[in-house]
Amino acid sequence: MTEEARPLRADARRNRARVLEAAEAVLARDGVAASMRSVAQEAGVGLGTIYRHFPTRETLYEAVLVARMERLIENVPALREAGDAGAAFFGLFTDIVDNATRMRAVADVLADAGIDVKAGMSEVGSAVRSAIEVLLIRAQRKGAVRDDLRMPELLALLGAMCMAAERNQWDAELRDRALGVVFDGCRPHH
């Protein structure tokens with residue numbers, strides 16, 4: 001039975017979560033120069049603990065990407081029930097764009113190692129797309145988003161904004177203005 005097939009003990013889950021959190025912090029600080037040893041020190045665990053969960057640096061960083069994407073959608077059930085469907089939709093859109101900047105360093109490490117980032121993200125990527133679609137449909141039904149906005153256009157807008165966030169290192173004010181323009185285009189024109 002593989003580690004993925006059997007549930008982890010509570011202490012192993014905590015260690016794994018600490019390692020992922022530490023890896024994200026070390027990547028943000030050190031970029032592509034981040035080492036497993038630095039992650040172990042940041043997490044307060046031994047190097048063996050890291051290698052037990054993640055046999056290579058690339059598997060660790062891929063797990064960081066997946067965990068970050070999973071955190072994006074863990075609140076979607078609550079967003080589906082939120083009173084303001086428009087705020088829920090635009091909030092998730094903003095969270096995804098904000099996430100893009102933080103994920104860039106990890107994606108760069110994986111790409112430099114010759115790993116297809118998209119292949120490892122396919123399952124969680126599908127879940128993110130489904131979450132976006134559910135919130136889009138709900139926001140459209142409530143009149144907060146224009147009826148003619150479909151997933152292909154929405155994903156193109158989202159992708160463009162994520163790319164801008166990754167490349168431009170923009171501040172919160174510029175991000176808010178840029179998102180405001182995009183969001184105004186997504187709203188119904190009465």
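Of note:
- Using the 1.4 Å probe convention, the accessible area of the stretch 1-96 works out to 55 Å² per residue with neighbouring protein chains retained.
- Angle between the chain longest axis and helix 122-141 axis [Cα atoms, degrees, rounded to 10]: 20 degrees
- Two-decimal log10 I(q)/I(0) for the chain, as the Debye equation yields it once each C-alpha is a single scatterer, q = 0.14 Å⁻¹: -0.86
- Taking the C-alpha atoms only, the angle from helix 151-168 to the longest principal axis of the chain is near 60 degrees.
- The helix-based estimate of mean residue ellipticity at 222 nm for the chain, built from -39,500 (n - 2.57) per DSSP H run of four or more residues and divided by its residue count, is -24500 deg cm²/dmol to the nearest 500.
- Whole-Hz couplings from phi, Karplus 6.51/-1.76/1.60, listed for the stretch 62-72; x for Gly and Pro: 5, 5, 4, 4, 4, 4, 5, 5, 4, 5, 4
- For the stretch 10-98, the share of accessible area belonging to carbon and sulfur comes to 49 percent (1.4 Å probe, ligands and nucleic acids excluded).
The values are calculated or read from the model by the stated rules, or taken from the named source; none is laboratory data. This one's a predicted model, so the numbers in the text were calculated from it and none came from an experiment. When the accessible area is computed, the model is the full protein with side chains, heavy atoms only, and any ligands, DNA or RNA have been set aside. Shrake-Rupley method; radii C 1.70, N 1.55, O 1.52, S 1.80 Å.
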